[in-house]
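Report on the following structure.
Rule-based calculations on the coordinates, nothing more; no lab input. Note that the structure is predicted; figures quoted are calculated from it, not measured. Every residue, glycine among them, receives a Cβ derived from its backbone with ideal geometry; neighbour counts consider all protein chains shown.
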Amino acid sequence: MTSPHRDPLLPPGFRWPDGVRAAASFTFDLDAESPILWDHPETAGYLDVMTHQAYGPRTAVPRLLRILDRQAIRATFFIPGYSADRWPEAVRSIRDAGHEIAHHGYLHESSRDADAATEEARLLRGLEALDRVAGVRPVGYRAPNWEMSYAMPALLARHGFRYDSGLMDADHPYRLATAPGPDAPTLVELPAHWSLDDWEQYNYLPGITGTGVIASPARVLEMWQLELEAMTVEGGCFVLTNHPFVSGRPSRAVALERLIERARATDGLWIAACEDIAAHVATLDLPPVVHTPPIVPGPPVGPER
Ligand code: ZN
């Protein structure tokens, strides 16, 4: 067993505010119908599937807002523009409760095979919807499905975003370069991971998503709690991603509240919205991380005969 009090190995230049040894952000992606409509547009005509997704804004958001209020924490909601257009009252209730609203595409579009102009148009469409519905101008972005293109960091910087949350190569937030070179604008990256996403644990729609194996909230709570404890020991940033239609169901919401209680009882753990963590990280003198695509090697050249 490792000691919970050993000194973490922090990246060069990285530190938390005084008195803080690690951070946690509880985030919610208000996907509602959007990812299903993007992947399977025919489901717009399936009442059963649409109600499965509508559970999020209709039933889960009020429950989750009560939990966040009881626990007195500020969360980040990543909201596709389409969700805002379809569920404006739910989105305004999130805003009115004081939580951060961030960008999550318009119709939860896949970035695979999309060119930069297409991605920029989607980015603007999402911004317009969040402004129209809630009068907010987000500073944070999370790629739908965490499908982040190499072009997107520069697009985010061009449109005034300050952070992204979804890359998977670190435990600590870092400075994300938008291009090589010392003068390129930078963003803050708050890394995430599939193991801290509720979709894989709970979600099942026959023929659309999931294996049909739906995890017990007790097992999910145990898994997330272990990661929270270990991430705290590492001095990193625990970013949990829940979807209201997934984790807002009763026993799952109870498990989530227990996890939040555990986080609140952890000495030195800073629980904050992503934008607040990103604002702290932006003050640090961190070397920018430049991501470049690897070159895929061709087939081996055989020996000369
Ligand atoms: Zn999503």
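Just a few scattered comments:
- Just so you know, in the stretch 123-148 the residues that are more than 16 Å from the ligand (Cβ to nearest atom) and among the small types (Gly, Ala, Ser) include one that is surrounded by the fewest Cβ atoms within 10 Å (Cβ to Cβ), and it is Gly135.
- Pairing residues of the stretch 68-79 that are of a type in the set (Phe, Trp, Tyr) with residues that are within 15 Å of the ligand (Cβ to nearest atom) and in a loop (DSSP other than H, G, I, E, B), at Cβ distances under 6 Å and at least 6 apart in sequence or on separate chains, gives Phe77/Leu30; Phe78/His104; Phe78/Arg142.
- Annotation: of all residues in the stretch 151-169 being closer than 24 Å to Ser195 by Cβ and surrounded by fewer than 17 Cβ atoms within 10 Å (Cβ to Cβ), the one that is farthest from the chain's Cα centre (by Cα) is Asp169.
- Number of residues in the stretch 195-208 that are without any contact (Cβ under 8 Å) to a residue 40 or more places away in the chain and either exposed (fewer than 15 other Cβ atoms within 10 Å of the Cβ) or out of contact with any helix residue (DSSP H, G or I) (no Cβ under 7 Å at 6 or more places or on another chain) (or both) equals 4.
- Filter pass, Gly160 being assigned to a loop (DSSP other than H, G, I, E, B), among the small types (Gly, Ala, Ser) and closer than 26 Å to Asp276 by Cβ: yes
- Residues being over 14 Å from Leu221 (Cβ atoms) and away from the ligand (no atom under 13 Å from the Cβ) - total across the stretch 239-248: 2
- Residue count for the stretch 95-122 satisfying the condition of being surrounded by 16 or more Cβ atoms within 10 Å (Cβ to Cβ), more than 15 Å from the ligand (Cβ to nearest atom) and assigned to a helix (DSSP H, G or I): 3.
- Only one of the numbered conditions (1) under 30 Å from Gln71 (Cβ atoms); (2) within 14 Å of the ligand (Cβ to nearest atom); (3) outside any loop (DSSP other than H, G, I, E, B) is violated by Gly166, and that is (3).
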